[in-house]
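Asker: Following this message is one structure expressed as structure tokens.
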Amino acid sequence: MSHARQLFRAFSLVELLVAISIVSLLAAVGIPSLARVRSNAAEATCLENLRQLTMASTAYATEDASTLLLPAHPISDVNELHDEGFFDYGGGTGAENIWSGARWGKLSSRRAETRPLNRTLFGQVGANTDYSLFRCAADFGLPPREYVGAGDYWDGAMENQPMHVSVGTSYWGNAYRGIGPTGTDQVRRFWSVGVFLRPAFRVPSPSETVLYGEAIAWEQIALTGNAGGGAVFMLRGTESWHRGGRFNLSFADGHARALRLLAGSLHQGSEPGDSPLASLHVRGTGFRFDCRPDGLIEDKPN
């Protein structure tokens, strides 16, 4: 009986406090390590998604009559708003609470079954189609309003849900444009400076030209003013989806990598005889969003 009582002896207060201290210490060491592991895994998966999307886009370009590397939605030339080309290349249908369902959602003309890259990836899109390739695990949506672009691109619901919920994909296609009144009639026109509407063989420096990137990466670039009629773009300190301020991008040659897009001026080139719109460049160390010196491509609405 004495031996049995020893086996079931209660913990002393000191022993209990020591045990709690050890458990707390292990948790303090282990939880941050687990968080880092999960964060690194999310970033690696995100990069792999971008690689896969770029490979699928290369396959699409070989079959497309216009050899477009960034698939253009069938109605991308009938909408003068700023969403065409950015998200409707592929992915899910998107949410009805964005722009009151007028541009996304089940009644939108940009439903998942209409998005061109989906046909390359999935063939026929159905109710059970898995769109995980278009989702970044670290996608928490866009930052607060004061840190994001103005105009038609932004909607308040994007702060409260992931971008892949809002628009069907976490990844922005490089549909970077110049906008301005040009020609003798001085009508406001859209001009593709980036990959959008541009045949694959007309994309210069493919190892540096961005094809896709996390939606948050585009919010890192801000329109800050005008110079001689041409837009001036700056890099700004927008919070990234990943540790260390890295933004995942994929490039026209098929590779993907994480870059720190530090705040500061971007290069703005100037070429003799070019209008301010035509000379617009958006570049940084190791990357570029523009396709100069290849010419501008007018995005003509029907």
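The values are calculated or read from the model by the stated rules, or taken from the named source; none is laboratory data. Fair warning: this is a prediction, and the values are worked out from it, not measured in the lab. In this analysis, Cβ positions are derived from the backbone assuming ideal geometry, glycine residues included, and neighbour counts consider all displayed protein chains.
Asker: For the range 82-132, give me the residue count where each residue is polar (S, T, N, Q) and either out of contact with any helix residue (DSSP H, G or I) (no Cβ under 7 Å at 6 or more places or on another chain) or crowded, with 22+ Cβ neighbours inside 10 Å (or both).
Answerer: The number of residues fulfilling the criteria is 7.
Asker: Which is of a type outside the set (Asp, Glu) and modelled with pLDDT under 75, of 28, 41, 72, 59?
Answerer: Just one listed residue meets the conditions, 28.
Asker: Would it be correct to say that residue 44 is closer than 26 Å to residue 190 by Cβ and part of a helix (DSSP H, G or I)?
Answerer: Answer is no for this residue.
Asker: Tell me which of these residue 160 doesn't satisfy, since it passes every other one: (1) modelled with pLDDT of 95 or more; (2) surrounded by fewer than 16 Cβ atoms within 10 Å (Cβ to Cβ).
Answerer: The number of the failed condition is (1).
Asker: Run down 127, 138, 95, 112 and say which single residue is at pLDDT below 90, among the small types (Gly, Ala, Ser) and more than 27 Å from residue 295 (Cβ to Cβ).
Answerer: Unique residue meeting the criteria: 127.
Asker: Moving on to the next point. Pairs, please: C-beta under 6 Å, at least 6 apart or cross-chain, first residue closer than 20 Å to residue 219 by Cα and in the range 82-104, second modelled with pLDDT of 90 or more and of a type in the set (Asp, Glu)?
Answerer: Between residues of the range 82-104 that are closer than 20 Å to residue 219 by Cα and residues that are modelled with pLDDT of 90 or more and of a type in the set (Asp, Glu), there is no close pair.
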